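The values are calculated or read from the model by the stated rules, or taken from the named source; none is laboratory data. Given the structure is predicted, the values throughout are model-derived calculations rather than measurements. Backbone-built Cβ (ideal geometry, glycine too); neighbour counts: all protein chains shown. Accessible surface areas use protein heavy atoms only, side chains included; no ligands, DNA or RNA. Shrake-Rupley method; radii C 1.70, N 1.55, O 1.52, S 1.80 Å.
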Amino acid sequence: MKNKTISSLKMFGLSTYESMVYLSMTYMISGTATEISLNSNVPRTKIYDVLKSLSNKGFIEIERGRPLKYHIVPPLQMFFVDINKNY
């Protein structure tokens, strides 16, 4: 199931590492870079670039502070369009 989900996220334009982090964060909701790195199995040397990229794409939000804390944008908000909204 995990591999299918990662493949699906890649169809939305995410890299493998971005997909792994986003999937991991659906369970965590929020965390520090270290926590997310450990939970997602993305190397610590790559985690900051991946988190910044996900933030730029709107998949996560960054809370300023020491350490920085990263929060997932809920999947329903990311992948489903409100059909009642006037565009």
Worksheet entry | Reach of LYS46 by Cα under 28 Å, taken over lysines that are not fewer than 8 positions away in the same chain | LYS2, LYS4, LYS10, LYS57, LYS69
Worksheet item: How much solvent-accessible surface does THR16 expose, in Å² to the nearest 10, with a 1.4 Å probe and all protein chains in place?
Response: 60
Item to complete: Starting from the Cα of SER53, move 7 Å in the Cα-to-Cβ direction to define the label point; list residues of region 26-45 whose amide nitrogen is under 19 Å from there.
Response: 26, 33-45
Discussion item. Full-extension gain between SER30 and VAL73, please, as 0.36 nm times their residue separation minus the C-alpha to C-alpha distance.
Written reply: 14.5 nm
Worksheet item: Taking θ as phi - 60°, what are the ³J(HN,Hα) couplings along region 49-64 by the Karplus curve (6.51, -1.76, 1.60), each to the nearest whole Hz, with x for Gly and Pro?
Response: 5, 5, 5, 5, 5, 4, 5, 4, 8, x, 8, 9, 10, 10, 9, 5
Item to complete: Show the residues, 5+ positions off or on another chain, whose built amide H is closer than 5 Å to the amide H of LYS69.
Response: GLU63
Discussion item. For the pair SER15/LEU38, report the inter-label distance in nm, with labels modelled 7 Å from Cα in the Cβ direction.
Written reply: 2.4
Item to complete: Using a 10 Å cut-off on Cβ atoms, rank the peptides 4-12, 17-25, 37-45 from the highest mean neighbour count down.
Response: 17-25, 37-45, 4-12
Practice prompt. Enter the accessible area per residue of the chain (Å², integer; probe 1.4 Å; all protein chains in place).
Written response: 70
Worksheet item: Using the Karplus equation 6.51 cos²θ - 1.76 cosθ + 1.60 (θ = phi - 60°), what ³J(HN,Hα) coupling, rounded to whole Hz, does each residue of region 30-41 give in order, writing x for Gly and Pro?
Response: 8, x, 7, 4, 4, 4, 5, 4, 5, 6, 9, 6
Practice prompt. May I ask you to give the percent of accessible area on the chain that is carbon plus sulfur, with a probe radius of 1.4 Å?
Written response: 55
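Share of Cα-Cα pairs in the chain beyond 22 Å, in percent?
23
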Item to complete: In nm, give the distance between the simple-model label positions of LYS46 and GLU63, each being 7 Å from the Cα along the Cα-to-Cβ direction.
Response: 2.7
